[in-house]
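Presented below is the structure to which this report refers.
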Amino acid sequence: MSVASGGRVPGTVHAPYTLDLVTVPDLEDTGEVTVGVIDTGIVLGDDGRPAPWFGDHVSYCREDDQDRLYGESGTLLPSAGHGTAIAGIVLREAPTARVRMWGVLDKERQGPAASQVENWEDEAVVAALASLTVDMDVRVVNLSFGGTVWEVEPPRTLERALEAFIRARPDVSIVAAAGNTDGEERTTYPASFPGVLAVGAVDESAPGAPVSKPTVASFSNHGSHVDVYARGVDVRAPMAKRNTLTWALWEGTSCASAVVAGCIARLAAADKSLTGREAERKLLTEAPRHVDGVPWVASIDTSYADPSLEGLLGL
């Protein structure tokens, strides 16, 4: 698994566009809801902490979960900042939540393990899921990665791990990026596994598309295996540098997945009686409908052509 397009890859982001003058509200005090994020990690500054905007909303292991921006050669890694952006999107949607970051994807490795990258990453994802299983504060797990499978077997190691997780924690919502398949309908994993909410991306700003019914983004996977759509174009998210944090517009089903994970977490935080799965069902039930009856979930940055939709979503 890597962030580059093709093969078994994350629901990738396209090149972000930097926003020079952006005011982003501070996060609120942390509550009881945790979102597990399995991704590339979190960018840390020289003090060994994420950017101050994150406050105490991200838990991580400094040695293992750091999102490294540069490889051994000094060049910027293709996936640099991906996990940081995803965590930021989740927290913008759910400002009282806590993210438990597991930085296991697209790590630069050398030596014998370098020839077995996919196997190594599968095992690392399995270990992350096992750890999240015993964290009773976890209500949602976000998997902004995946890949296309044509004539090969699905990733069985990951399939078994997800089956075990769901058996142990049926209360937790598992959200995954449906994949950036250049508009083609393709089976992707883990989004297509049973019990996983597959999220496609919509373009709310496409010309001629009213915001009350946005169009599917040109890069997004679609089809009967997509369970829900969310904003996946011009998604405001952090773009971390070593000791600074700027904001940028990102795009990809990775971002759409994070939007949905954050919305579920926000509902669970507002009503503590809801499990993650119950909050997921509530979100999908109350969302406006989209293509072929598939729900569309609005993000915190959605501007409504029809103001009545704001009341429908409780915003």
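The values are calculated or read from the model by the stated rules, or taken from the named source; none is laboratory data. Computed from a predicted model, the values in this text were never measured in an experiment. Backbone-built Cβ (ideal geometry, glycine too); neighbour counts: all protein chains shown.
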I need a count of the residues in segment 173-195 that are surrounded by fewer than 23 Cβ atoms within 10 Å (Cβ to Cβ) and of a type in the set (A, V, I, L, M, F, W, C). 1
Is there a residue in segment 245-253 that is part of a helix (DSSP H, G or I), under 12 Å from the mean Cα position of the chain (by Cα) and in contact (Cβ under 8 Å) with a residue 12 or more places away in the chain? yes
Filter segment 224-242 for residues that are under 30 Å from ASP47 (Cβ atoms), crowded, with 24+ Cβ neighbours inside 10 Å and out of contact with any strand residue (DSSP E or B) (no Cβ under 6 Å at 6 or more places or on another chain) and give the result. ALA240
Pull out all pairs, ordered by first then second residue, where Cβ-Cβ is under 7 Å, the residues are six or more apart or on different chains, the first lies in segment 207-224 and is at pLDDT 85 or above, and the second is among the basic types (Lys, Arg) and in a loop (DSSP other than H, G, I, E, B). ASN221/ARG186
Looking at segment 75-84, can you tell me whether even one residue there is more than 20 Å from GLY146 (Cβ to Cβ) and modelled with pLDDT of 60 or more? yes
Just the residues that are crowded, with 16+ Cβ neighbours inside 10 Å and of a type outside the set (Gly, Ala, Ser), please, taken from segment 50-62. PRO50, TRP53, PHE54, HIS57, VAL58, TYR60
Scan of segment 165-191 for residues that are assigned to a loop (DSSP other than H, G, I, E, B) and among the aliphatic types (A, V, I, L, M), ordered by number: VAL172, ALA178, ALA191
